[in-house]
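The values are calculated or read from the model by the stated rules, or taken from the named source; none is laboratory data. Please read these numbers as outputs of a predicted model, since none were measured by experiment. No Cβ is skipped: glycine too gets one built from the backbone with ideal geometry, and neighbour counts run over all protein chains shown. Please note that ligands, DNA and RNA were not included when accessible areas were found on the heavy atoms of the full protein model with its side chains. Shrake-Rupley method; radii C 1.70, N 1.55, O 1.52, S 1.80 Å.
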Amino acid sequence: MHSEPLNDRNVSEHSAYYYVDIEEYPTTGWDKFKQVVKRTFRGELFVGLWVVMREMIKFDIHTVKYPLEKLPIGPRYRAVHKLLRLWESGYERCIGCGLCEKICISDCIRMDTKIDENSRKEVTEYSINLGRCIFCGYCAEVCPELAIVHGQRYENGSEQRAHFVIKDDMLTPLDFLTSGQQAEYPGFGAITPNESVTKTPLAY
Amino acid sequence: MDMAFIIETIVKIVVILLVFSALAGLGTYFERKVLAFMQRRLGPMHVGPFGLLQVAADGIKLFTKEDIIPQNVVKPIFKIAPVITAATAFMAAAAIPFWPQFTVFGYTVHPIVADVNIGILYVLGVMAIGLYGPLLGGMASANKFSLISAARSAAVFISYEVISGLSLLAPLMLVGSLSLIDINNYQAGGIGNWIVWSQPVAFILFWIAAFAETGRTPFHLVANDHEIIDGFGTEYSGMRWGLFFIGEYANMFFISFVIAIIFLGGFGDGSIAGAFQLLLKVAFFFFFFLWTRAAWPDVRPDQLMWLCWKVLMPIAVINVVITGLVMMF
């Protein structure tokens, strides 16, 4: 739709703008009286009464009793992060590349890596400073291994919010993985659950 | 005076006090529920089944809260004002017949504390004294919002006393008595004898005035939350504020009784069915107070005064004159 008639803000036949039709305000006493009588007997007060009574009879209550009932949240909701595991081996997906640490615009991801005895890179420490994290989702987007994702856990009441985002808490527990409860973050290039994401071969 | 009479009267007073204090509490529960349902909410749900014990929780809260007397208030008047509101509300109940007379174990009970022959005059007069609660409380509070509320309450109550008095004049001319029991017996013949049919204008006017005198929503400007906080109740806390609340709700119940008795036949011929009909009528009028609160906006103070003096009072006077002419010829 082209917007030229809307760009011309002057009221004319060519533009989309027109004056709203408002009745003249009454000036004489008799006109004011007629307006009062008209408004009094138009019965609009009863329309109001009927509307609320109708809603009461329909009893279409919209309250969500929150701690007992929860609204579904969007599948790409960006709540507290999770670190996922490989479906087959249960090994951590994170390869310690450090891209998330680099891209994080509030500089809140911190990781330590070392080369383990199989000459694989192992992530020893991984933490997110929730005091700084703005939940932008860049870390999940940049991750080449779909290792760090955003979860659905938005109820973050705790004595220490750091408890949500040290590595052991973010990493999917092994029993969760074996019972198939690890949820994939359905972003671009996401895998379907149980599809094989294999360990990157050393010879690669 | 007869000792049995004194004891009976005291028992009646205590029963009325207890029943209507409890009803005032339940009234808040019903108000919250009805408003919630009309706004597609649930209302109180968590304390007790369907939130019924919310009333008890609120009562405990009010009783145990600290009774704050602010620094610059006029202390004796500040302290006595809520008592005036609650006391006058309950005093007005003395002349209201809540129920037809009935016989228990061969003893005839008149469920009215004092069957004075000027019943309705007494009720309106004592309810008019209730003005001093908001007025004194607001003026003594050392708070500008309370002061505005006090000024408004004086203006509104005194103006609408005129309406309620003038509108009642016409039915009283028909009945020829001020006693509420006489007014009730005048309509004992059944639904066709109700005064509402012969005095529909007076009925509407008195109903409108009842909203102003109880300070309910279309005319809620005495304590309008969105412009003057809680009006005269702003500086009050704990049970003193609760007394204002009990007074308001008791007033709503009593004025509902008065409307039902004067215009809608009251308890009719005094049978059990008539008695329950009276309770149903009262319940409807009480519900209507809540209903309008959900549906209607508030009017401005100047509109309220305009409505009173330029519209309702002339109509009331014309109604009285026409009633007089019809009775003469």
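Looking at the structure I just gave you, is A:ILE128 loosely packed, with under 11 Cβ neighbours inside 10 Å, more than 14 Å from every other protein chain (Cβ to nearest Cβ), at negative phi and touching a strand residue (DSSP E or B) at 6+ places or on another chain (Cβ under 7 Å)?
Taking the combined requirement at face value, the residue does not satisfy it.
Of all residues in the stretch A:142-187 being touching a helix residue (DSSP H, G or I) at 6+ places or on another chain (Cβ under 8 Å) and in a helix (DSSP H, G or I), which is nearest to A:ILE95 (Cα to Cα)?
This residue is A:VAL142.
Looking only at the stretch B:274-302, how many residues end up being out of contact with any helix residue (DSSP H, G or I) (no Cβ under 8 Å at 6 or more places or on another chain) and within 11 Å of chain A (Cβ to nearest Cβ)?
1
Would you tally the residues in the stretch B:34-76 being within 14 Å of chain A (Cβ to nearest Cβ) and outside any loop (DSSP other than H, G, I, E, B)?
Of the residues in that region, 7 qualify.
I need the full set of residues from the stretch A:107-128 which are within 18 Å of A:ALA162 (Cα to Cα) and within 29 Å of the chain's Cα centre (by Cα), in order please.
Result: A:ASP107, A:CYS108, A:ILE109, A:ARG110, A:MET111, A:GLU125, A:TYR126, A:SER127, A:ILE128.
If you check A:ILE103, A:ILE134, which single one turns out to be at pLDDT 85 or above, touching a Phe, Trp or Tyr at 6+ places or on another chain (Cβ under 6 Å), farther than 30 Å from A:GLY180 by Cβ and not hydroxyl-bearing (Ser, Thr, Tyr)?
After ruling out the rest, the residue left standing is A:ILE103.
If I ask for residues that are without any contact (Cβ under 8 Å) to a residue 60 or more places away in the chain, farther than 14 Å from B:ILE315 by Cα and of a type outside the set (Val, Ile, Thr), which ones from the stretch B:148-181 would you list?
Result: B:ALA151, B:ALA154, B:PHE157, B:GLU161, B:LEU172, B:GLY176.
Of all residues in the stretch A:144-155, count the ones that are open to solvent by 60 Å² or more (accessible area, probe 1.4 Å) and in contact with a Leu (Cβ under 8 Å, 6 or more places away or on another chain).
The total comes to 1.
So which of B:PRO82, B:PRO100, B:PRO111 is touching a Leu at 6+ places or on another chain (Cβ under 6 Å), within 27 Å of B:LYS12 (Cα to Cα) and surrounded by 13 or more Cβ atoms within 10 Å (Cβ to Cβ)?
On inspection, the qualifying residue turns out to be B:PRO82.
For the stretch B:222-273, how many residues meet the condition of being under 25 Å from B:ALA22 (Cα atoms), outside any helix (DSSP H, G or I) and not charged (D, E, K, R)?
5
For the stretch B:10-33, state whether one or more residues are open to solvent by 50 Å² or more (accessible area, probe 1.4 Å), within 14 Å of chain A (Cβ to nearest Cβ) and without any contact (Cβ under 8 Å) to a residue 12 or more places away in the chain.
No.
Out of the stretch B:166-200, which residues are of a type in the set (Phe, Trp, Tyr) and touching a Gly at 6+ places or on another chain (Cβ under 6 Å)?
B:TRP194
Got at least one residue in the stretch A:77-85 being within 14 Å of chain B (Cβ to nearest Cβ) and charged (D, E, K, R)?
No, because not a single residue in the stretch A:77-85 is within 14 Å of chain B (Cβ to nearest Cβ) and charged (D, E, K, R).
How many of the residues in the stretch A:79-122 are open to solvent by less than 50 Å² (accessible area, probe 1.4 Å), closer than 15 Å to A:TYR138 by Cβ and in contact (Cβ under 8 Å) with a residue 24 or more places away in the chain?
Selection size over the stretch A:79-122: 6.
In the stretch B:183-203, which residues are in a helix (DSSP H, G or I) and in contact (Cβ under 8 Å) with a residue 12 or more places away in the chain?
Residues satisfying the conditions are B:ILE183, B:ASN184, B:TYR186, B:ILE191, B:ASN193, B:ILE195, B:VAL196, B:SER198, B:VAL201, B:ALA202, B:PHE203.
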